[in-house]
1. Heavy atoms only, 1.4 Å probe, whole protein assembly: order R319, R332, R325 by accessible area, highest first.
2. Compute for the stretch 244-289: radius of gyration divided by Kirkwood radius, i.e. Rg/Rh, restricted to C-alpha atoms, rounded to two decimals.
3. Enumerate the calculated ³J(HN,Hα) couplings along the stretch 116-123 in order (Karplus 6.51 cos²θ - 1.76 cosθ + 1.60, θ = phi - 60°), each rounded to whole Hz, writing x wherever the residue is Gly or Pro.
4. Treating the beta-carbon of each Lys and Arg as +1 and of each Asp and Glu as -1, no other charges, what is the dipole magnitude of the chain about its Cα centre, to the nearest 20 debye?
5. Please report the equivalent ellipsoid semi-axes of the chain, computed as sqrt(5 x eigenvalue) of the Cα gyration tensor, largest first, in whole Å.
6. Suppose every K and R has +1 on its Cβ and every D and E has -1 on its Cβ; what is the size of the dipole of the stretch 218-366 about the Cα centre, in Debye to the nearest 20?
7. Of A307, Q264, W276, whose Cα points farthest to the positive end of the dipole of the stretch 257-366 (charges on the beta-carbon: +1 Lys, Arg; -1 Asp, Glu; origin at the Cα centre)?
8. Give the dimensionless ratio obtained when the Cα radius of gyration of the stretch 1-144 is divided by 2.2 N^0.38 Å.
Amino acid sequence: MSPADPELDRIPASDLARASYRELPFYEPGRAPVELDLSDNTNLAGLPPTAAKILASAGAPAAAPLVTRYPSLWAGDLKEAIASYLGVPARCVVTGCGSDDVLDAAVRAFSVPGDSLAFPAPTFSMLDHLARVNALEPYAAPLAADLDVDVDLLLAPRARITYVCSPNNPTGTLVSPAAVDGLLARARGLVIVDEAYAEYAADDGAPELARRATTDGRLFVTRTLSKAFGLAGMRVGYGVGTPEIASAVEKSRGPYKVGRLSEQMAVAAMTDDLPWVREQAREVVGVRERFVAKLTGLGLRPIPSRANFVLVPVDDAARVASELRARGVGIRPFARAARVGDGVRISLGPAVVIDPVWPVFAEVLA
Ligand SMILES: *Cc1c(COP(=O)(O)O)cnc(C)c1O
């Protein structure tokens, strides 16, 4: 491979992409349009009202810069709104194009190719993907029998990144405080706690862990505006860590990741619209408890959930999913999930959306 022979060290064009990218399938859930989509855990209540006004104004000539000009580099206004929502310093916050982007940036910032990424199974389906695109070894540690994370199993690979999700997608179960303490005390590298559904787990969104992340140099907590805040299409997420962690993730993320319209709508949703968000979350929790009671009445064993969805073990998830779909309702099937087996994850929402479809669930699941 001498420089005199430039042709000899050329990598074939077909090998230029990272090896870990080649076998990676595209995320294509193959969802045909459906009347009522209860498959993705988004807020089914419509737009937060103040955020809706900003959206409506975006077409007005005076608001053109919202669309035509670049956004701020690091979304400073949004950081301030997040900081006051959680009661943390703004310098501990990093934002991104959805929390997927924040997770990706954090994984990249705190690992090098060849390290491993440990996560529970089942959990958020993006984790295996995040490991592979970053050339890390994915290590899936089945949940414990009580559906808490299995700390010893998660720590076994001595991974540079350990991810847990609380409430966990798709089980809806919380990671116990003891498990979080165990991970933080013994992990080799960074511990990420994904709190995408925090707003449904407690009235105030339980910011304790985010606050702890501002001083624990091993903890990074991520959250999103895609679920309780009703802005999935605007792609806004964030993470909280020490100032050092936040700035490392931010360097990895790069500038201009949150659009202007997205930032303004997110700020509105986190300030003026907070009462709306909290009221919606409370309603969904009530709907969830009634829905779970009815499922139990059918003889099913739904997993007790702290999120805006419920995972119901069934004999044949693919069959249940296609029978529901044939009746206009989309849900997310899981086949042979670790610890759970086959199950269907059903997103919940306001009573006006969910109550009318109960007869469909009763017919298919009974
Ligand atoms: C939905 C979800 C997210 C949100 O992803 P965004 O990129 O912010 O839309 C993150 N983590 C989990 C576990 C989720 O279920």
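The values are calculated or read from the model by the stated rules, or taken from the named source; none is laboratory data. These numbers come from a predicted model, not from an experiment. For neighbour counting, all protein chains shown are included, and Cβ atoms are generated from backbone atoms with ideal geometry for every residue, glycine included. Please note that ligands, DNA and RNA were not included when accessible areas were found on the heavy atoms of the full protein model with its side chains. Shrake-Rupley method; radii C 1.70, N 1.55, O 1.52, S 1.80 Å.
1. Working: R319 105, R332 45, R325 75 Å².
Descending order: R319, R325, R332.
2. Numbers: Rg = 15.8 Å, Rh = 13.1 Å.
Ratio value, two decimals: 1.20.
3. Result, rounded to whole Hz: 10, 10, 9, 8, x, 9, x, 8.
4. Numbers: 38 positive and 43 negative charges, 50 e Å.
So the magnitude is around 240 debye.
5. Details: eigenvalues 208, 151, 99 Å².
Working through the eigenvalues yields semi-axes of 32, 27, 22 Å.
6. On the way: 22 positive and 14 negative charges, 87 e Å.
In total the dipole reaches around 420 debye.
7. Highest projection toward the positive end goes to A307.
8. Values: Rg = 21.6 Å, N = 144, 2.2 N^0.38 = 14.5 Å.
Here the answer is 1.49, to two decimals.
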